[in-house]
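Everything on this sheet refers to the single structure shown next.
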Amino acid sequence: MYYVMMDFEWNTAYAYKRSGFINEIIEIGAVVFEYDNGIRIIDRYSEFIKPKVTKKLTGRVKELTHISNTDLKTGKSFAEAIFELTSMVGRNDYTVMTWGTTDITTLLDNCRYFMGLESIPFLKNYMDAQSFCQKKLDIPGNNQISLSAAAEKAGIDISEFSAHRAYEDSMVAALCLEKCFDAEEIAKRTSVCDDAFYRKITFKKYKITDVNDPNVHLDSIKAFCPDCNKETRCTTKWRLKFGGTFYSVYKCPVCGKTYNVNVTYTRYADKVTMKQRQTPTVPKKEA
Ligand SMILES: [Zn+2]
């Protein structure tokens, strides 16, 4: 089994052609490796991409990457780089990985914009290395951990790598993966890049605000009084707050305290989640 860790640097620019912004890829880095009691590097890729949308780099990009316009002048066209990557890793048995899914959605967006494609030519199998390593390193939380933080936790010395450069970042990510390597778990988390895969990575999660949506079940929301451990009763109609949260007031039948109950339903590509929170209502001041 061959693995490819990829990383992209991009510059955010306004694209008149689409009347909106694009994250234009300006650098591509990749490490091809296999694993046998450690990673064994087979191939490497590191190229600047000559920007087409704008040559003007944002301050953030200049500061973070130290990539200059002079560097980019030596770059290849995006399409040329994609052809090279396709001949390097376009075979079936490669699993492509990136640190978080933003790199892969950005790559797809660039393939669409510059090449008119609806898929990434060399992508056959894909895994998000960030969520895998985060789980393996036992780092909790909904927030995606940064590559440098994960490397530190994995005990990798990153002092010799320049952060936020495509090749170096792909190398550090490969080293993180090496520390957490688990072929079975990787296979389990690897997706075949079919239509369903593209639908999933391009899906934008949103809060469901339609009470009649079949996933919304406000009538069955149960709440409890933390003081009495008693089930409280819904006393008002459910209403929708700005931002997509439903709310109602529940009252404890024992102590009479009232609680604001907030419920949000979030639709993801493959699931709907429900979150419920409650806070005591602020008592009205006596006149
Ligand atoms: Zn109570």
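Read the figures in this text as sums done on the coordinates, not as results from a lab. Bear in mind that the values here come from a model prediction, so they are computed numbers and not experimental data. Cβ: placed from backbone, ideal geometry, glycine included. Neighbour counts: every protein chain shown.
Worth pointing out:
- Hypothetical label at Lys153: residues of the stretch 120-136 whose amide nitrogen lies under 12 Å (7 Å Cα-Cβ projection): 130-136
- Screening the chain for whole DSSP H helices of 18 Å or more along their axis (Cα) with average Kyte-Doolittle hydropathy at least -0.5 returns 102-115, 166-180.
- Exceedance of the 24 Å cut-off in Cα-Cα distance is limited, within the set Lys136/Lys204; Lys207/Lys230; Lys124/Lys153; Lys188/Lys271; Lys207/Lys271; Lys55/Lys124, to Lys136/Lys204; Lys207/Lys230; Lys124/Lys153; Lys55/Lys124.
- Gaussian network model of the chain, Cα within-10 Å springs - most flexible of Pro121, Pro140, Pro226: Pro226
- Scalar couplings 3J(HN,Hα) for the stretch 28-37, obtained by applying the Karplus form with A = 6.51, B = -1.76, C = 1.60 to θ = phi - 60°, are 10, x, 8, 10, 9, 8, 10, 10, 8, 6 Hz; x denotes Gly and Pro.
- Binned Cα-Cα distance frequencies in the stretch 207-280 - 5 Å width, integer %: 3, 17, 27, 22, 15, 10, 5, 1, 0
- For Tyr2, the amide hydrogen comes within under 5 Å of the amide hydrogens of Thr95, counting only partners 5 or more places away or on other chains and with H modelled in the peptide plane.
- Values of log10 I(q)/I(0), in the order q = 0.09, 0.10, 0.11 Å⁻¹, for the stretch 51-184 under a Debye, Cα-only, solvent-free model: -0.31, -0.39, -0.47
- Between Leu64, Leu175, Leu240, the GNM of the chain built on Cα springs shorter than 10 angstrom shows Leu240 fluctuating the most.
- Residue among Asn215, Asn110, Asn92 with the largest mean-square fluctuation in a Gaussian network model of the chain, springs linking Cα atoms under 10 Å: Asn215
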